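The values are calculated or read from the model by the stated rules, or taken from the named source; none is laboratory data. Just so it is clear, the structure is predicted and the values come from calculations on it, not from any experiment. Here Cβ is always computed from backbone atoms with ideal geometry, including for glycine, and neighbour counts include all displayed protein chains. To get the accessible areas, we keep the full protein, side chains included, count just its heavy atoms, and leave off ligands, DNA and RNA. Shrake-Rupley method; radii C 1.70, N 1.55, O 1.52, S 1.80 Å.
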Amino acid sequence: CELLKSINSYKLEKLYYSLCSIDLESHTPLLSVCVWSFCETLTARDGKSSDTDFLSYLSKAKLTSLGFDKGRGLTAIHEVIKQVKEYGNTTKHDHTSAFFNGEQLANDFTALKPLIDAIANSILQKARR
């Protein structure tokens, strides 16, 4: 993603590269944690405090301020964020449970792309100030 390169964050670039290049079918649990980590890192760069998770940071009000319309589209992206948090967190912390649905993870990551762009633009705007 070219916007991520503009942010000049090696970590974000490498996480994104991993998400796009590691085989999903063989490594779904790993990539579910990677999406979770990517979202935490991206929102931290945008101003999220360390005591707030990315789901809380990306409230419906914040999503609206990033340009997401109220209604079904806003609800849908908020649900995707909630899912990413839940399956990434569970996969990372639980000793047995993990996320294995690669098809859903691929769909969720595709759904997140407009949000990733919106947050990247927000970070760049803040850097220009």
Segment 85-129 - percent of accessible surface contributed by carbon and sulfur, probe 1.4 Å: 47 percent
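Under the Kirkwood approximation applied to all pairs of distinct alpha-carbon atoms, what is the hydrodynamic radius of segment 63-129 in Å?
Values: mean 1/r = 0.0744 Å⁻¹.
After inverting the mean inverse Cα-Cα distance, the result is 13.4 Å.
What does the charge count around Arg128 come to, taking other residues whose C-beta lies under 15 Å from its C-beta (Lys +1, Arg +1, Asp -1, Glu -1)? Provide the component values of the computation, followed by the final result.
Details: positive: Arg45, Lys126, Arg129; negative: Asp46.
Once positives and negatives cancel, what remains is +2.
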Residue order for Val33, Val84 - accessible surface, 1.4 angstrom probe, largest first: Val33, Val84
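Helix by helix, which DSSP H runs in the chain go 24 Å or more along their axis at the Cα atoms and have an average Kyte-Doolittle hydropathy of -1.0 or more?
Values: long enough: 28-46 (27 Å, 0.62); 72-93 (31 Å, -0.81); 102-128 (38 Å, 0.01).
Span-like helices, by this rule, are 28-46, 72-93, 102-128.
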Label zone at Ser65, where the point sits 7 Å out along the Cα-to-Cβ direction: segment 1-30 residues whose backbone N lies under 19 Å: none
Amide H within-cut-off set for Phe99, under 5 Å, with H built and near neighbours excluded: Thr91
Largest-first principal axis extents of the Cα set of segment 20-112 (Å): 37, 28, 23
Cα-Cα over 18 Å, subset of Lys14/Lys113; Lys85/Lys113; Lys14/Lys126; Lys48/Lys70; Lys5/Lys113: Lys14/Lys126; Lys48/Lys70
Surrounding net charge for Tyr87, when Lys and Arg each add one and Asp and Glu each subtract one, Cβ distance under 15 Å: -4
Probe 1.4 Å, protein heavy atoms only - accessible area per residue of the chain in square angstrom: 57 Å²
The chain - percent relative contact order, Cα under 8 Å, separation 6 or more: 34 percent
Net lengthening on full extension, Glu13/Lys126 (0.36 nm per residue, minus Cα-Cα): 38.8 nm
Surface accessible to a 1.4 Å probe, Cys39 within the full protein complex, Å²: 20 Å²
